[in-house]
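In what follows, a single structure is set out as structure tokens and then discussed.
Just so you know, all these numbers are worked out from the coordinates, no wet-lab data involved. Since this is a predicted model, take the numbers as computed values, not measurements. Positions of Cβ are generated from backbone atoms using ideal geometry, with glycine treated the same way; all protein chains shown enter the neighbour counts.
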Amino acid sequence: MSATRIDGKAVAARVLDQVRDRAAAFTAAKGRPPGLAVVLVGEDPASQVYVRNKGREADAAGFRSEQHTLPLSTSQAELLAIVARLNADPGIDGILVQLPLPKGIDTETVLLAIDPAKDVDGFHPINVGLLGTGAADKALVPCTPAGSVILVESVLGPSLAGKHAVVVGRSNIVGKPVAQLLLQRDATVTIAHSRTADLPAICRMADVLVAAVGRPEMIRGDWVKPGAVVIDVGINRIAAPEKGEGKTRLVGDVATEEAAVHAAAITPVPGGVGPMTIALLMANTVAAAHLREGLPRPHFGA
Ligand code: GUN
């Protein structure tokens, strides 16, 4: 028996259909489209690809889409001035400052400067706090965690009551927020990390196992409980000498083929969580637009 592969592209396409419908209704109601501004400082090639894809999806969703590309020499004060201008622009509902920022710019200062109502990354402490107190209906929630939980929903449905979820990784970007979202869906949640004793035994208790550690194929097949749903958030580029000298390939934090022997369903890498992140950025932008205009918040799901 091999696990069902969870098709992140297909689920993301469904979310993006919902985004387009909601964006069109918003535009009709308010006489303006949802607006998303993405700010990129410097020329990191991976960031350039992400930012271009975000712009393309925003255009496809019918948004007003702006990209601000700033040179590596940009000062923190200049970046903060752009954030302030976007905060004050009534037609912009979402502001995303692409990370990592160049040395010399303090990430926390910049993230704190973004209006929490426009914080479509969900990284501002106000949004982190709203999620943590269970007021997720008012919070903008980080995209990768929100997308990961929709993939769980695509297999198990919206309620995780009675399920034990184990999250491996405790980052602010994935581990902690995904744990909060699983808790909100009534899962019993364990957060494990690099200092956890007997990590394989903890993982074997998981009905839902979320891997977000950034270590290629660290989670082995015999760590997976029979019938578990496995969400692999890792994206690691490793050498692939079998493809030729100097070639590389992408792998997750889970040894997928081994894990698929035990799991009921598992996300592939690539093509699992990855496509969800950008779909949830678009969903967050539409949600922010509705909240800012005092309209009922739309729901996006599997
Ligand atoms: N860089 C890599 N992932 C992300 C993300 O989710 N948000 C932002 N702003 N930058 C990133």
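Name the residue farthest towards the positive end of the dipole of the range 1-104 from the options ALA60, VAL19, PRO34, assuming +1 on Cβ of Lys and Arg, -1 on Cβ of Asp and Glu, about the Cα centre.
VAL19
Treating the Cα atoms of the range 154-233 as identical point scatterers in vacuum, please give the log10 of the normalised Debye intensity I(q)/I(0) at q = 0.10, 0.11, 0.18, 0.24 Å⁻¹, two decimals.
Each listed q maps to, in turn, -0.20, -0.24, -0.66, -1.20.
What percent do you get for the relative contact order of the range 68-163 when only Cα pairs under 8 Å and 6+ apart count? The partial results should precede the final answer.
Values: 77 pairs, mean separation 19.1, N = 96.
Computed value for the range 68-163: 20 percent relative contact order.
Quick one: which of 147-156, 23-32, 167-176, 78-87 comes out on top by average Cβ neighbours within 10 Å, and what's the full order, highest first?
147-156, 167-176, 78-87, 23-32
Given a cut-off of under 8 Å on Cα pairs at least six residues apart, what relative contact order in percent is computed for the chain?
Relative contact order comes out at 22 percent.
Would you please name the GluC sites (Glu not before Pro) within the range 25-77 that are DSSP coil residues with at most 14 other C-beta atoms within 10 Å of their C-beta?
GLU43
Suppose only helical runs count, i.e. DSSP H with n ≥ 4. What mean residue ellipticity at 222 nm does that imply for the chain under -39500 (n - 2.57) per run, divided by all residues and rounded to the nearest 500 deg cm²/dmol?
Here the helix-only value at 222 nm equals -12500 deg cm²/dmol.
Among DSSP beta bridges lying fully in the chain, give the percent that are antiparallel, nearest 5. Intermediate values should be presented prior to the final figure.
On the way: 4 of 33 bridges.
Counting only bridges with both partners in the chain, antiparallel ones make up about 10 percent.
How much net charge surrounds PRO275 when only other residues with a Cβ under 14 Å from its Cβ are counted (Lys, Arg +1; Asp, Glu -1)? If you can, show how the numbers build up before the last one.
Details: positive: ARG5, LYS9, ARG14, LYS54, ARG56; negative: ASP7, ASP17, GLU57, ASP232.
Neighbour charge sum, excluding PRO275 itself: +1.
Assuming 0.36 nm per residue, please report the length gained on full extension of the stretch THR27 to THR188 beyond their Cα-Cα distance.
Details: separation 161, 0.36 × 161 = 57.96 nm, distance 3.99 nm.
Going from the current span to full extension adds 54.0 nm.
Determine the dipole magnitude for the chain: charges of +1 sit on the beta-carbon of Lys and Arg, -1 on that of Asp and Glu, nothing else is charged, the reference point is the Cα centre, and the result goes in debye to the nearest 20.
260 debye
To the nearest 20 Debye, how big is the dipole of the range 186-302 about its Cα centre, given +1 on the beta carbon of each Lys and Arg and -1 on that of each Asp and Glu?
In total the dipole reaches around 280 debye.
Give the distance, in whole Å, between the Cα centre of the range 57-74 and the Cα centre of the range 191-266.
When both Cα centres are located, 34 Å separates them.
Which residue, ALA201, SER73, MET218, has the largest displacement toward the positive end of the dipole of the chain when charges sit on each Cβ (Lys, Arg +1; Asp, Glu -1)?
Among ALA201, SER73, MET218, the one farthest towards the positive end of the dipole of the chain is ALA201.
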